[in-house]
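Data block below; observations after.
Derivation of every value follows stated rules applied to the coordinates shown; laboratory data play no part. Keep in mind it's a predicted model, so treat the numbers as computed, not measured. Please note: Cβ atoms are built from the backbone with ideal geometry, for glycine as well, and neighbour counts cover all protein chains shown.
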Amino acid sequence: MFRMLTVLTFALVQAALAQASTLRAITVSLLLPLSSSIREQATDVRSGALLALGAARLEFRVLEFDLWLKSYDDRSDPAEGEKQAQRILEDSDTLAVLGAINSGVTLPTSTVFARNSLTLVSPKSTNPKVTERGLENVNRICARDDAQGPAAAEFVSSALGAKSVYVFDDATVYGKRLAELFRVVAFW
């Protein structure tokens, strides 16, 4: 009996390996600041992508595709982002890029990807220029700065009933821009 189970297990493993070798690989590349001061945000995005991949992997296997994620560290640096974008382009299995998560990296890398018709979906880049440039390969799944600032001012005014507020920022480009947009639209 043990010998029969061993042979059966071996046969199943061989069949699985044969099937795996016939599957065409599809890679979704992640361009994230994995070693920067915002690495926690990058880790959250990667974790979400892994969950989505796990949910979709079986559906892709039925279609004879093997779905993979591959991470690239842009370090929140535009020059490093462009370097990693070139590395991503070298992987012929990459069909889409998730990232970058900050506009300063998304702007130059999206241009690199556009020249090569590679789809880019940014989960967090909020600068209006990311999508205003008309690049057909660029998508975002978050509100732009010019929507977030006014929405925050409306919330503070309407929902909280504030009559006056102190506005300060965290000295980042993103924080300064949101604070300015908040001030411009404030209802008091």
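Exposure here means at most 15 other Cβ atoms within 10 Å; with GluC sites (Glu not before Pro) in a DSSP loop as sites, the longest stretch of the chain lacking them is 1-63. Entry note, the chain: relative contact order of 16 percent, from Cα contacts under 8 Å with a spacing of 6+ residues. The sum of -39500 (n - 2.57) across all DSSP H runs of n ≥ 4, divided by the residue count of the chain, sets its helix-only mean residue ellipticity at 222 nm to -16500 deg cm²/dmol. When the chain is treated as a Gaussian network with alpha carbon springs shorter than 10 Å, the biggest mean-square fluctuation among Asn139, Asn116, Asn127 belongs to Asn116. Between the listed residues Asn116, Gly54, Val130, the Cα displaced farthest toward the positive end of the dipole of the range 21-142, a dipole computed from Cβ unit charges relative to the Cα centre, is found at Val130. Straight-line cross-link partners of Lys70 among the lysines, defined as a Cα under 24 Å from its Cα and at least 8 positions apart when in the same chain: Lys83, Lys124.
Neighbour counts of C-beta atoms inside 10 Å place Tyr174, Tyr72, Tyr166 in the sequence Tyr166, Tyr174, Tyr72, starting with the fewest. Axis of helix 78-89 versus longest Cα principal axis of the chain: the two differ by about 30°, to the nearest ten degrees. Taking amide H atoms as placed 1.01 Å from N in the peptide plane, the amide H of Ile26 lies under 5 Å from those of Asp66, Leu67, Trp68, each 5 or more residues away in sequence or on another chain. Against the chain, whose longest principal axis is taken from its Cα atoms, helix 2-22 shows a tilt of about 50°. Taking each residue as 0.36 nm, the span from Phe65 to Thr111 lengthens on full extension beyond its C-alpha to C-alpha distance by 13.7 nm. Database remark: amide H of Arg140 closer than 5 angstrom to the amide H of Ser122 (H placed geometrically; neighbours at sequence offset of 5 or more, or on other chains; Pro and chain starts carry no H). Here Thr22, Thr111 are placed in order of increasing Cβ neighbour count within 10 Å, fewest first, which gives Thr22, Thr111.
Each Lys and Arg contributes +1 and each Asp and Glu -1, all at the Cβ; summed about the Cα centre of the chain, the dipole is approximately 180 debye.
Relative to the longest principal axis of the Cα atoms of the chain, the long axis of helix 173-185 makes an angle of roughly 50 degrees. Which label belongs to the value computed from this structure, given these candidates for Rg/Rh (Cα atoms, Kirkwood Rh): (1) 0.93; (2) 0.98; (3) 1.16? Matching entry in (1) 0.93; (2) 0.98; (3) 1.16: (3).
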